[in-house]
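Chemist: So that we are looking at the same thing, I have put the structure below in structure tokens.
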Amino acid sequence: MRRTQPTRLNRHALALAIALTLPALASAQDAAPADATTDATTLDTITVTATRRAENAQQVPIAVSAVDGEKLDAIRSGGDDIRFLAARSPSLNVESSFGRVFPRFYLRGLGNTDFDLNASQPVSLVYDDVVLENVTLKGFPVFDVDRIEVLRGPQGTLFGRNTPAGLVKFDSVRPDFETSGYGRLSYGEYDTMNAEAAIGGGLTDTLAGRASMLYQRRGNWVDNTFGGTRRNNAVEGYEDMAFRGQVLLQASEDFEALLSVQMRDLEGTARLFRANILGADGRLVPGFDPEKVAIDALNQQELDTDGASLRMSWNLGSATLFSITSLNHGELASRGDIDGGFGAVFLPSGGGPGLIAFPAESGDAAEVKQATQELRLASNGDNAIDWQAGLYWFKDQADIESISYDTLGGGVVNAFATQRQDNTAWAAFGSVDWAVSETFVLRAGLRYTEDEKDFTARRVFGAFGAPAIAPITVNPSDENVSWDLAGTWTVADDVNLYARVAKGFRAPSIQGRLAFANAALPANQLVTVADSEEVLSYEVGMKVALFDNRARLNLAAFNATVDNQQLTAVGGTANFNSLLNADESSLRGFEADLEAYLTDQLLVTFGTGYNRTEIKDANLTTAICGNPLGCLVTDPTVVVGGATLARINGNPLPQAPEWTTNLTARYGIPLSDDSELYVYTDWAYRSEVNFFLYESTVFTGAPLLTGGVRVGYSWGLGQYEVAAFGRNILNEIEAVGGIDFNNRTGFINEPRTWGVEFKASF
């Protein structure tokens, strides 16, 4: 599969549409103030759909957090991609070695550092009731979103599809028969621009629609100082455009259909790797300048995705039948300088910065297709026993090309390999809620899943005359029963206690990135398969409303065991992904969420999560870094067949910080009956993380604290707003990931950005 130029959104037409929509929205005079009847001194009820029903979050026996409203607006004001969610909810981390394309989510320490394009992840992302499995589909931009829900702990009963750690759920604003919309425009440093708009309302007595658009841009803010001819003069810029259209049909009181289509068009640079920026202690080396790099290879990335879903519901009287059908498609092309520098140590002119053992320039191209169908029947009414049951079908196909380029030879292709993965799964599930008494509700769920994969990988030709590798085919499959059981006790009007035990499941995973593989290895080492993993989680929690609903406090404590955990040994000498199964891993910790009006004008939120993760397998080893500078491994090592391996028993999981903490504060000063001056600040912290399975002083990410501030003026009862903002205001720059096979390469977080924003809504 050679990637051809896909049919694309007309970039300039879409940008023009957004620009024209903004002043139209700004001039709207018939605004209905959304918060006109809200008592600003008490907290609004947070409604979530964590159990596939709309419920008060305080009554759901799940550790769930919602990110919405002003907090969501603030943290994405700088034009960042979906990684802005990192540490914004307790026990949540998000990172990527692919930049804006391929986010990797971690909950309670459980995630996957695999950088291959068919990687499975234990945290599922659900967009408008549709799970997006392939990693190229997961990074769809966040705009015109009602709320984001973060569900921690196994969620396989009702959501399925690899959710042993939890899921992140995105709910778009639905069409309504009342005309409404908004326009938002911001501009900041590095030529950063964020423009979005939405408009919706009734089309007929039975039809309503909503259209929303997003345009994001950042200039190439990093200067490439390498003086050669084959290079990007500057990197780290992007242009990202997205569209969502929805049509709602309410044919009668008993039937509803919602059709949604969405598209994305991204052009920019791939993740920028920087050679030898990590010191012996894992901190950035003295003199590091985030606005400069020296690379001699190309750095570019394109992604186009499109999808459609049809959600229908029929009220049958005692129950409602739901049908959710979806189709999604994506095409990706990415190419980058993996060694993070220029030249090589063996050249007469050498290389740099620092030691470059050898040039490394590679790319990936992929085409993915996904189809899902769900049928679910749920009881109606507020009965002593409520239930829901359903069937689920899933199919996706990924065609992947791995390409190596000869940097010193003008960038010609010198290695080419392909992968093809077909995944089919189906499931039957059910859940029952039983109100045993007025103060006690018992919930139980069960899901049966069958999952099978067909995978073929081959190398057409290898670098430096390496031979071809004939097609290798594997066909793992498995079946599993996952379940959960929870009880909720109402011990007082504003106090709920809950206990939950849940079993989660992740189907077998496959890796076969053969472009750089040693052809002499046996087939089962060239293409590796990780068997299914299972998670058994125990959780207790308390949800409390305080001071006449001026404050909410939610607490949770958990202890989970992951049997046969799937792990990915990333990088090493050959920069080769290899899948492993650990006998067991343990996850334990606690979380707290607080939201409170300290005064009528001061609203504060606070969230924190402590997670202790540990690999438990006395015989498990993995290859260490291959760079000549060394990575100062602190694990015990053993030499097998001339290779040095690290014993990783007792290590924490990679990208699993012990602490994640977030804080927001908003102070409003009323200036009149319909206007307000406000100050808003938000902060997120994560403690240090291991980049890889082995422990190393070099490849350890330092603690990271990022903060934002927003000063704004709103008038017309919130209809209009102008604000100045700053993101990462302390300009804290740290390595958030590394590449370990060539040198001490790392990549960093987003820089400080100041900007201004205007919003109008109606």
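Chemist: Once phi is turned into ³J(HN,Hα) by the Karplus curve 6.51 cos²θ - 1.76 cosθ + 1.60 with θ = phi - 60°, what whole-Hz value does each residue of region 439-445 show in order, with x for glycine and proline?
Modeler: 10, 9, 10, 10, 10, 9, x
Chemist: Right, here's the next one. Binned at 10 Å from 0, what are the whole-percent values of the Cα-Cα distance distribution for region 347-439, short to long?
Modeler: Once binned at 10 Å, the Cα pair distances of region 347-439 give 12, 21, 17, 14, 13, 11, 9, 2, 0.
Chemist: Please list, in chain and number order, the residues 5+ apart from I295 or on another chain whose amide H is under 5 Å from its amide H, with Hs placed from the backbone.
Modeler: Those lying under 5 Å, H to H, from I295 are T225, F226.
Chemist: Which values of log₁₀ I(q)/I(0), to two decimal places, follow from the Debye formula for the chain at q = 0.07, 0.11 Å⁻¹ with a uniform point scatterer at every Cα?
Modeler: Once normalised to I(0) and log-transformed, intensities are -0.49, -1.30.
Chemist: Relative to the first principal axis of the alpha-carbon coordinates of the chain, what is the inclination of helix 11-26, with its axis defined by its Cα atoms, in degrees from 0 to 90 and to the nearest 10?
Modeler: Orientation of helix 11-26: about 30 degrees from the principal axis.
Chemist: Another question, if that's okay. Treating the Cα atoms of region 286-336 as identical point scatterers in vacuum, please give the log10 of the normalised Debye intensity I(q)/I(0) at q = 0.27 Å⁻¹, two decimals.
Modeler: -1.02
Chemist: Consider a paramagnetic label point 7 Å from the Cα of D494 along Cα→Cβ; state which residues of region 595-613 have an amide N under 19 Å from it.
Modeler: Residues passing the 19 Å test: 595-606.
Chemist: Loop only per DSSP, at most 15 neighbouring Cβ atoms within 10 Å: give me the GluC sites (Glu not before Pro) in region 225-315, ordered by residue number.
Modeler: Working: sites: E236, E239, E253, E256, E267, E291, E302; in loops: E236, E253, E291.
Passing sites in region 225-315 are E253, E291.
Chemist: Would you kindly derive the ³J(HN,Hα) couplings of region 138-154 from the backbone phi angles with the Karplus curve 6.51 cos²θ - 1.76 cosθ + 1.60 (θ = phi - 60°), listing them in order in whole Hz, with x for Gly and Pro?
Modeler: Result, rounded to whole Hz: 6, x, 4, x, 9, 7, 6, 10, 6, 6, 10, 10, 10, 9, 9, x, x.
Chemist: Once the Cβ-Cβ distance between N315 and A444 is put in as r, and R0 is 25 Å, what FRET efficiency do you end up with, to the nearest 0.05?
Modeler: Numbers: r = 25 Å, r/R0 = 1.01.
Efficiency for this residue pair is about 0.50.
Chemist: Pairs on different chains or at least eight residues apart, Cα atoms closer than 20 Å: how many lysine pairs in region 11-761 fit?
Modeler: For region 11-761, the number of qualifying lysine pairs is 10.
Chemist: Using only Cα atoms, what is the ratio of the radius of gyration of region 131-226 to 2.2 N^0.38 Å? Write out the running numbers ahead of the final one.
Modeler: Working: Rg = 18.4 Å, N = 96, 2.2 N^0.38 = 12.5 Å.
For region 131-226, the normalised Cα radius of gyration comes out at 1.48.
Chemist: Something else now. Could you work out the equivalent-ellipsoid semi-axes for region 200-308, taking the square root of 5 times each eigenvalue of the Cα gyration tensor, largest first, in whole Å? Don't skip to the end; give the middle numbers.
Modeler: On the way: eigenvalues 445, 46, 24 Å².
Taking √(5λ) for each eigenvalue gives 47, 15, 11 Å, largest first.
Chemist: Taking the Cα atoms of region 648-762, report the difference between the largest and smallest coordinate on each principal axis, in whole Å and largest first.
Modeler: Result for region 648-762: principal-axis Cα extents of 62, 27, 25 Å.
Chemist: Here is a follow-up. To the nearest 0.05, what FRET efficiency results for E688 and R53 with a Förster distance of 45 Å applied to their C-beta separation?
Modeler: Plugging the Cβ-Cβ distance into 1/(1 + (r/R0)^6) gives 0.70.
Chemist: Residue-wise, which Karplus ³J(HN,Hα) couplings in Hz belong to region 66-74, taking 6.51 cos²θ - 1.76 cosθ + 1.60, θ = phi - 60°, and x for glycine or proline?
Modeler: Karplus-based 3J(HN,Hα) across region 66-74 equals 10, 10, 7, x, 5, 4, 5, 4, 5 Hz.
Chemist: Another one. In whole Å, what are the extents of region 234-388 along the principal axes defined by its C-alpha atoms, from largest to smallest?
Modeler: On the principal axes, region 234-388 reaches 80, 32, 24 Å in Cα extent.
Chemist: Also: With the contact rule set at Cα under 8 Å and sequence spacing of 6 or more, what percent relative contact order holds for the chain? Spell out each step's value before the answer.
Modeler: On the way: 2320 pairs, mean separation 98.0, N = 762.
Averaging sequence separation for qualifying contacts and normalising by length gives 13 percent for the chain.
Chemist: Could you give the alpha-carbon Rg of region 496-630 over 2.2 N^0.38 Å, rounded to two decimals? Provide the component values of the computation, followed by the final result.
Modeler: Values: Rg = 21.9 Å, N = 135, 2.2 N^0.38 = 14.2 Å.
After normalising by residue count via 2.2 N^0.38 Å, the value is 1.54.
Chemist: Students often check this: by mean Cβ neighbours within 10 Å, which of 396-407, 667-678 ranks highest, and how do the rest follow? Let's see the in-between values first.
Modeler: Values: 396-407: 21.1, 667-678: 13.6.
For the peptides 396-407, 667-678, the packing ranking is 396-407, 667-678.
Chemist: Now for a different question. Can you pull the semi-axes for region 68-185, root of five times each eigenvalue of the Cα gyration tensor, sorted largest first, whole Å? The partial results should precede the final answer.
Modeler: Values: eigenvalues 117, 55, 36 Å².
Value: 24, 17, 13 Å, ordered largest first.
Chemist: Let me know the volume per residue of the alpha-carbon convex hull for region 570-654, in Å³. Could the numbers behind the result be given before it?
Modeler: Details: hull volume 13.6 nm³, N = 85.
Considering the Cα atoms of region 570-654, their hull volume per residue is 160 Å³.
All of the numbers you see were taken from the coordinates with simple rules; none came from a lab. What you see is a predicted model, and the numbers here were worked out from it, not measured in a lab. Every residue, glycine as well, gets a Cβ built from its backbone with ideal geometry; the counts of neighbours run over all protein chains shown.
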